[in-house]
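Q: Below you'll find the structure I mean.
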Amino acid sequence: MMRVALLPLLLAGCAATEEEKYYRGYILPTSIERTVAGRELDSVNPTRQNALRTGDTFVFNNPSEMWSVTSVTDESVTWESPAGNFMRTSVLTFLPPLEWGGDASVSDSGRRQLSDLTIGAGVEDFKSGSTYSFTETRHNDRPPTMNVTTWTCTLGEQEEIVVPAGKTNAVPIICSQNGLQRLLLNYSPSLGYIVRHVLSTAAGPVVRELTAYQRLSTTDDG
């Protein structure tokens, strides 16, 4: 079992490259399209996929970042950080954030549209070899830019993984961007979120891991 302990945020490490900053936003970002978060995902059972509750908190390293769930609906999950940043994800939290930002001092803000989203057979059950794919149209607000890329992700065999927060069973997901392998995600179905991702950059692989988390007990629901 993973340790249920919320550790203090640590100071961020070395400055990330521009490439790393850009692709880090595929997992966590530094007006949501509800057709993406809702209607296009009707084939997926959100209750089955989404283990998150309001108040759940996750802490990551490299760089240090803390996110807490502020609302969970059938369509999306909303998150906030102590720094005042926010993001909104699909109920399938292994998909990239759909909206992110903060106050006027936050330079990283924007939104994504996921078109041609295809959830293959077996993804709901985390079956090894199953795939999902989509075309990402990413809009960054400051500075204003737009990028369009195609992603294809393949699920591997669920296995035990150890990260600084402890150990859990996780599904490895390998994602290719425009035909080139870019990301390895390790998604924990029991936690409802990614516990590690490995990003391929020109300077070498960059690893981010879950260092601590806090789950809302079912007795806290009132």
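The values are calculated or read from the model by the stated rules, or taken from the named source; none is laboratory data. Remember, predicted model here, so these are calculated numbers, not experimental data. Cβ atoms come from the backbone with ideal geometry, glycine included; neighbour counts cover every protein chain shown.
Q: Quick check, is Thr93 modelled with pLDDT of 70 or more, surrounded by 15 or more Cβ atoms within 10 Å (Cβ to Cβ), of a type in the set (Val, Ile, Thr) and within 22 Å of Val162 (Cα to Cα)?
A: Considered against the rule, which asks whether it is modelled with pLDDT of 70 or more, surrounded by 15 or more Cβ atoms within 10 Å (Cβ to Cβ), of a type in the set (Val, Ile, Thr) and within 22 Å of Val162 (Cα to Cα), Thr93 comes out as yes.
Q: Return the only residue of Gly110, Gly122, Gly129 being at pLDDT below 90, of a type in the set (Gly, Ala, Ser) and under 27 Å from Leu184 (Cβ atoms).
A: Gly110
Q: Confirm whether Ile173 is part of a strand (DSSP E or B) and either at pLDDT 95 or above or surrounded by fewer than 16 Cβ atoms within 10 Å (Cβ to Cβ) (or both).
A: On the way: part of a strand (DSSP E or B): yes; either at pLDDT 95 or above or surrounded by fewer than 16 Cβ atoms within 10 Å (Cβ to Cβ) (or both): yes.
Yes, satisfied.
Q: Filter segment 200-222 for residues that are of a type in the set (Ser, Thr, Tyr), out of contact with any helix residue (DSSP H, G or I) (no Cβ under 9 Å at 6 or more places or on another chain) and modelled with pLDDT under 90 and give the result.
A: Selection gives Ser217, Thr218, Thr219.
Q: Of all residues in segment 155-165, which are surrounded by fewer than 17 Cβ atoms within 10 Å (Cβ to Cβ) and either touching a Cys at 6+ places or on another chain (Cβ under 6 Å) or in a strand (DSSP E or B) (or both)?
A: Within segment 155-165, Glu159, Glu160, Val162 qualify.
Q: Thr17 versus (1) among the polar types (S, T, N, Q); (2) modelled with pLDDT of 55 or more; (3) within 17 Å of the chain's Cα centre (by Cα): which is the lone unmet condition?
A: (3)
Q: State which residue is nearest to Met87 (Cα to Cα) when the search covers only segment 116-127 and only residues that are of a type outside the set (Lys, Arg) and surrounded by 14 or more Cβ atoms within 10 Å (Cβ to Cβ).
A: Selected residue: Leu117.
Q: Can you go through Ser188, Ser133, Ser200 and tell me which one is over 21 Å from Leu92 (Cα atoms) and under 17 Å from the mean Cα position of the chain (by Cα)?
A: Of Ser188, Ser133, Ser200, the one residue that is over 21 Å from Leu92 (Cα atoms) and under 17 Å from the mean Cα position of the chain (by Cα) is Ser200.
Q: Counting only residues that are of a type in the set (Gly, Ala, Ser) and at pLDDT 90 or above, which one in segment 61-75 is nearest to the chain's Cα centre (by Cα)?
A: Pass one, segment 61-75, residues of a type in the set (Gly, Ala, Ser): 64, 68, 71.
From what is left, the residues that are at pLDDT 90 or above are 68, 71.
Details: Ser68: 13, Ser71: 16 Å.
Among them, the one singled out is Ser68.
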